[in-house]
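**Student:** Below are the structure tokens for one structure; questions will follow.
The values are calculated or read from the model by the stated rules, or taken from the named source; none is laboratory data. Computed from a predicted model, the values in this text were never measured in an experiment. Every residue, glycine among them, receives a Cβ derived from its backbone with ideal geometry; neighbour counts consider all protein chains shown. With ligands, DNA and RNA removed, areas are computed over all heavy atoms of the protein, side chains included. Shrake-Rupley method; radii C 1.70, N 1.55, O 1.52, S 1.80 Å.
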Amino acid sequence: MLKKGLILAILIGFSLMFIPLIQNFHGNDKLSDLAKYYTENAEHGAGAANIVTAIVITYRGLDTLGEVVILFLTASVIGFFLKISKSEKDETLRFSKLRKTSELLETATKALVPTIFMFGVYIFINGHLTPGGGFQGGAVIATGFVLMLLANPQFKVNHKVIEYIESLSGFSFAILGALGAIIGLGFLDNKILPLGTFGELLSAGIIPVIYSFIGLKVGAELSGIVETLSENQSEIEI
Amino acid sequence: MLYTISTLILSLIVLVLAVIAIIHKNITVAIIAMGTVGLFTSVIFLLLAAPDVAMTEAAIGSGLTTVIFFYVLNKIKNHDA
Amino acid sequence: MSYFSLEYIAMITGFLLIVLGIWAILTYKNLLKIVIGFSLFDTGINIIIVSIAYVKNSTAPIIDSAVSLKDAVNKIADPVPQALVLTSIVIGLGVTALMLAYVLKLYQDKKTLDIESFTDLKW
């Protein structure tokens with residue numbers, strides 16, 4: 001009874017906290033000054049047609065570096081946790097048996113997976129022109145990987161390949177960022193390469209290169225997480 | 001006006017699915033309802049003029065989260081047997 | 001000023017999702033239900049931030065043939081909170097995956113998902 005009262009009190013307190021926010025909110029009629037600055041300098045500042053990308057990679061590039069580090073740490077902690085528990089694998093081995101995947105799924109996977117990978121690469125290469133970018137493209141690549149894993153549970157991934165892709169792209173991201181500081185423009189400045197024509201594929205300086213590296217890294221990391229979590233199952237059936 | 005009405009409908013769907021995700025006894029149904037919340041939320045993001053966020057939410061919030069949930073659930077069930 | 005507007009409805013939805021998430025976290029004893037509650041909480045916060053970023057009758061913050069460079073300032077939505085939410089969603093997946101790994105570990109330890117049975121730190 002006391003517990004329920006406490007829970008109710010917390011919920012009501014939280015609701016009360018939000019009421020002023022909702023009452024004072026009437027929608028924006030114009031942009032804030034910061035957003036105005038980013039928009040007015042879209043062509044000569046960062047050179048990316050997609051202003052969200054310009055903010056994520058250039059103006060707030062350090063945050064993105066931190067985010068990639070957090071994702072890397074998550075993947076490693078999950079791998080670390082579930083590797084230890086592998087000694088218990090033997091007792092589960094006897095009991096469960098996976099259903100065989102259907103012909104339809106296997107055939108569809110063969111046709112779809114290359115297309116999905118290509119779509120992911122398209123999304124992160126065009127990140128500075130159209131909606132999308134490294135994180136979305138990486139997630140799409142990981143989805144293709146999940147499909148591959150569903151169609152063929154025994155499918156073994158070479159851990160070394162995933163690790164190398166991840167470390168190399170992470171390393172290149174940091175090096176490209178540091179290069180800006182060495183040249184004298186500032187950490188993660190995108191003007192190491194010429195800005196090019198606004199709105200073309202090869203423009204916006206280093207943004208497409210960095211976003212491609214982020215895409216590869218995020219794709220490898222998310223695939224690694226999914227693969228670690230599904231690993232026991234793939235070994236049960238053998 | 002059309003956008004407002006569609007947002008209202010989408011919001012109602014999202015809230016109903018969220019309640020299902022919480023109160024349903026069958027955990028499989030609850031996880032699928034949670035993934036669908038992500039999918040409809042991504043449409044709301046699109047109406048709020050944020051296509052980048054909508055893409056991320058559709059790929060990650062409704063796709064990968066659901067898959068990870070199911071893998072963990074599967075492992076727990078295998079452990080049970 | 002009417003309350004029947006796009007961003008207002010979205011904001012109230014996000015707020016209700018947060019309350020539902022907290023309710024699930026506090027009342028349910030199944031660990032998976034608690035993780036679902038956290039996930040809904042996350043989605044609610046993202047909706048609120050994006051709805052604050054919305055400018056009336058605006059379009060996506062991408063400059064192309066539909067939005068020219070000159071009048072972009074009057075036409076686009078605020079891109080800064082959107083970049084923030086982009087980060088937030090990816091981190092949210094990492095947090096959810098980590099929580100699920102913990103759930104799995106706890107289950108392997110005690111063979112139950114009931115949170116009441118994890119009393120090791122109670123005295």
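**Student:** For a protection proxy built on the mean count of beta-carbon atoms within 10 angstrom, sort A:33-39, A:44-50, A:120-126 highest first, please.
**Tutor:** Listed from highest to lowest mean packing, they are A:44-50, A:120-126, A:33-39.
**Student:** Taking amide H positions as placed 1.01 Å from N in the peptide plane, with prolines and chain starts having none, which residues 5 or more places from A:ASN50, or on another chain, fall under 5 Å of its amide H?
**Tutor:** Residues meeting the criterion, in which the H sits 1.01 Å from N, are A:LEU129, C:ILE63.
**Student:** Taking 29 Å as the cut-off for C-alpha to C-alpha distance, list the pairs among A:LYS3/C:LYS33; A:LYS217/B:LYS25; A:LYS30/C:LYS33; A:LYS160/C:LYS29; B:LYS77/C:LYS29 that go past it.
**Tutor:** A:LYS217/B:LYS25; A:LYS30/C:LYS33; A:LYS160/C:LYS29
**Student:** Moving to a separate point now. C plus A alone minus the pair: what accessible area, both sides summed, probe 1.4 Å, in Å² to 100?
**Tutor:** Its buried surface, counting both partners, is about 4400 Å².
**Student:** Let me ask something else. Which positions within the stretch C:61-85 get 30 Å² or more of their accessible surface covered by the other protein chains, compared to the chain by itself, with a 1.4 angstrom probe?
**Tutor:** Residues meeting the cut-off: C:PRO61, C:ILE62, C:ILE63, C:LEU69, C:VAL73, C:ILE76, C:ASP78, C:PRO79, C:VAL80, C:GLN82, C:ALA83.
**Student:** Next question, about the same structure. Need the C-alpha centroid separation for the stretch B:24-81 versus the stretch A:165-209, integer Å.
**Tutor:** 34
**Student:** Rank C:ASP109, C:ASP42, C:ASP78 by mean-square fluctuation in a GNM of chain C with C-alpha springs under 10 angstrom and give only the top-ranked residue.
**Tutor:** Maximum fluctuation in the GNM of chain C, among the listed residues, is at C:ASP109.
**Student:** Would you please classify the overall shape of the stretch A:1-66 from the alpha carbon gyration tensor, given that a ≥ b ≥ c denote the square roots of the eigenvalues, rounded means a/c under 1.5, and beyond that prolate means a/b larger than b/c while oblate covers the rest?
**Tutor:** It is oblate, given that a/c is not under 1.5 and a/b is not larger than b/c.
**Student:** Checking an interface number: how much accessible area is buried between B and C, summed over both chains, with a 1.4 Å probe, in Å² rounded to 100?
**Tutor:** That pair of chains buries around 3900 Å² in total.
**Student:** Name the residues whose placed amide hydrogens come within less than 5 Å of the amide hydrogen of A:LEU193, ignoring near sequence neighbours (fewer than 5 apart) on the same chain.
**Tutor:** A:ILE206
**Student:** Then there's this: Quick check on chain A: what are the equivalent-ellipsoid semi-axes from the Cα gyration tensor, as sqrt(5λ), descending, whole Å? Don't skip to the end; give the middle numbers.
**Tutor:** Working: eigenvalues 285, 179, 67 Å².
Equivalent-ellipsoid dimensions as semi-axes: 38, 30, 18 Å.
**Student:** A follow-up question, please. Show that you can apply the helix-only estimate: for chain A, add -39,500 (n - 2.57) for every DSSP H stretch of four or more residues, divide by all residues, and state [θ] at 222 nm to the nearest 500.
**Tutor:** -23000 deg cm²/dmol
**Student:** Efficiency by 1/(1 + (r/R0)^6): what FRET value for A:ILE183 and C:LYS105, r their Cβ-Cβ distance, R0 = 45 Å, to the nearest 0.05? Walk me through the numbers before you get to the answer.
**Tutor:** Values: r = 46 Å, r/R0 = 1.03.
Working from the Cβ atoms, E equals 0.45.
**Student:** Next up: Assign one of three labels to the stretch B:2-80, namely rounded, prolate or oblate, based on the Cα gyration tensor with a ≥ b ≥ c the square roots of its eigenvalues; rounded applies when a/c is under 1.5, prolate when it is not and a/b is larger than b/c, and oblate otherwise.
**Tutor:** oblate
**Student:** How much area per residue is accessible in the stretch B:2-80 when the probe is 1.4 Å and only protein heavy atoms are counted (Å²)?
**Tutor:** Ligands and nucleic acids excluded, the figure is 36 Å² per residue.
**Student:** Sticking with this structure for a sec: How big a patch of accessible area, both sides summed and in Å² to the nearest 100, lies buried between B and A at a 1.4 Å probe?
**Tutor:** 1800
**Student:** Inside 10 Å of the C-beta atoms of C:12-22, what's the mean count of C-beta atoms belonging to other chains?
**Tutor:** For peptide C:12-22, the averaged partner shielding equals 6.
**Student:** If you don't mind, another one. Ignoring the sites themselves, what is the longest stretch of chain A with no GluC sites (Glu not before Pro) in a DSSP loop and at most 16 other beta-carbon atoms within 10 Å?
**Tutor:** Segment A:1-199 is the longest.
**Student:** Another question about this same structure. Tell me, what ³J(HN,Hα) does each residue in the stretch A:70-77 have, in order and in whole Hz, if you take phi through Karplus 6.51 cos²θ - 1.76 cosθ + 1.60 with θ = phi - 60° and put x for Gly and Pro?
**Tutor:** 4, 4, 4, 4, 4, 4, 5, 5
**Student:** If you don't mind, another one. Once neighbouring chains are kept in place and the probe is 1.4 Å, which whole percent of the accessible area of the protein assembly as shown is contributed by carbon and sulfur?
**Tutor:** Values: 14200 of 20650 Å².
It is 69 percent, rounded to a whole number.
**Student:** For the stretch A:132-215, what does the alpha-carbon gyration tensor say about shape, rounded, prolate or oblate, given a ≥ b ≥ c as the root eigenvalues, a/c under 1.5 as rounded, and a/b over b/c as prolate?
**Tutor:** Oblate is the answer for the stretch A:132-215, as a/c is 1.5 or above yet b/c matches or exceeds a/b.
**Student:** Scanning chain C for trypsin sites (Lys or Arg not before Pro) in DSSP loops with at most 15 other Cβ atoms within 10 Å, what's the longest stretch left with none?
**Tutor:** After excluding every exposed loop site, the longest remaining stretch is C:71-110.
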